[in-house]
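Data first, discussion second: the structure below is written as structure tokens.
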Amino acid sequence: MLKGKTALITGGSRGIGRAIALALAAEGADIAVIYNGGETAARAVCEEAAQWGGKAVAYACNVADPDQVPTVVAAILSEFGGVDILVNNAGITRDGLLASMSEEDFIRVMEVNLGGAFHFTKSLYGHFLKKRSGRIINISSVSGLMGNPGQANYAASKAGLIGFTKSVAKELAGRGITCNAVAPGFIQTEMTEKLPREKQEAIRQQIPLRRFGTPEDVAQVVVFLAGETGGYITGEVIRVDGGLYI
Ligand code: NAP
């Protein structure tokens, strides 16, 4: 379904980004996997993706760095000849109640979660415009829709990503480019494994489907949006949360 397309996935070395990278590769896409510290993991994702016959290359880049991003995007465009699908997935948490949250933790989360999407989308903006096509998919969170105690920084960054998504969607729709957000609930990754067991159990009780999601649950929605199937959807936020937000 995605043969001949190239997908760039930020934070593709682990968790949800890894599952997205592999699901897109399984559909035939070539993939460029962006990692920060996890070089071995990112290379392993590329090796696993090779089974589907497409090209898969890992690139080191701190998404929060406005100088690194255009350089790595230029290298990817030259290596792959173009990019068709951009998945802004890289994200971090620095949780804490607002009274004790440092300015550094607030800004760092904004720089990675929101700044990263800004830098990558901006770096590919001209390329997508010229092609008159492109799919931009931003991984937000239900925290950005509902808020969450202890996550003022994270929820603000993810809510910001939704405003960013809708603005970019309106800006680029006239050129056949779509921009959507996916808002996962609680998904089993290293990010949620950091939560104490009792907290995880309490959260599970609040989820109508009574389980955490898997990275693959999120990845399949990204595949849908990235393909022809998602061609008439833009500016949308699709929750993958087991009903948490209902
Ligand atoms: P994760 O397991 O902690 O993985 C985070 C990924 O982001 C890693 O690949 C990491 O790369 C990358 N990353 C972090 N900082 C980066 C930076 N400065 N530059 C480049 N890459 C960076 O997280 P996850 O649970 O898969 O979450 C993925 C996305 O889904 C995030 O945006 C997160 O906010 C969102 N989300 C997750 C959940 C959940 O329940 N897990 C729920 C809602 C939304 P390295 O390993 O190479 O450092």
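The values are calculated or read from the model by the stated rules, or taken from the named source; none is laboratory data. The structure displayed is predicted, hence computed values, not measured ones. Reconstructed Cβ throughout: ideal geometry from the backbone, glycine too, with neighbour counts over all protein chains shown. Side chains included, ligands, DNA and RNA excluded: accessible areas come from the protein's heavy atoms. Shrake-Rupley method; radii C 1.70, N 1.55, O 1.52, S 1.80 Å.
Only a single criterion out of (1) away from the ligand (no atom under 16 Å from the Cβ); (2) under 16 Å from the mean Cα position of the chain (by Cα); (3) among the acidic types (Asp, Glu) is not satisfied by residue 190, namely (1).
Results for (1) within 19 Å of residue 218 (Cβ to Cβ); (2) of a type outside the set (A, V, I, L, M, F, W, C); (3) modelled with pLDDT of 95 or more; (4) more than 19 Å from the chain's Cα centre (by Cα), shown as yes or no for each residue.
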residue: 106; (1), (2), (3), (4): no, no, yes, yes
residue: 168; (1), (2), (3), (4): no, no, yes, no
residue: 174; (1), (2), (3), (4): no, yes, yes, yes
residue: 182; (1), (2), (3), (4): yes, no, yes, no
residue: 186; (1), (2), (3), (4): yes, no, yes, no
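A search for C-beta distances below 8 Å between a residue of the stretch 118-134 that is modelled with pLDDT under 95 and any residue that is open to solvent by 50 Å² or more (accessible area, probe 1.4 Å), counting only pairs 6+ apart in sequence or on different chains, returns nothing.
If only residues of the stretch 47-71 that are assigned to a helix (DSSP H, G or I) and within 13 Å of the ligand (Cβ to nearest atom) are counted, the one that is least open to solvent (accessible area, probe 1.4 Å) is 69.
For the stretch 204-217, the tally of residues that are open to solvent by 60 Å² or more (accessible area, probe 1.4 Å) and not charged (D, E, K, R) stands at 4.
Of the helices (runs of 4 or more DSSP H) lying entirely inside the stretch 131-246, those containing at least 1 residues that are within 21 Å of residue 85 (Cα to Cα) and in contact with a strand residue (DSSP E or B) (Cβ under 6 Å, 6 or more places away or on another chain) span 152-172, 215-226. I'd like to know if the stretch 218-227 contains one or more residues that are open to solvent by 40 Å² or more (accessible area, probe 1.4 Å) and more than 12 Å from the ligand (Cβ to nearest atom). Yes, the stretch 218-227 contains at least one residue that is open to solvent by 40 Å² or more (accessible area, probe 1.4 Å) and more than 12 Å from the ligand (Cβ to nearest atom). Scanning the stretch 132-162 for residues that are away from the ligand (no atom under 13 Å from the Cβ) and either in contact with a Gly (Cβ under 6 Å, 6 or more places away or on another chain) or open to solvent by 10 Å² or more (accessible area, probe 1.4 Å) (or both) returns 132, 133, 135, 147, 149, 150, 152. The residues of the stretch 72-92 that are surrounded by 21 or more Cβ atoms within 10 Å (Cβ to Cβ) and farther than 23 Å from residue 227 by Cβ, listed by number, are 72, 91.
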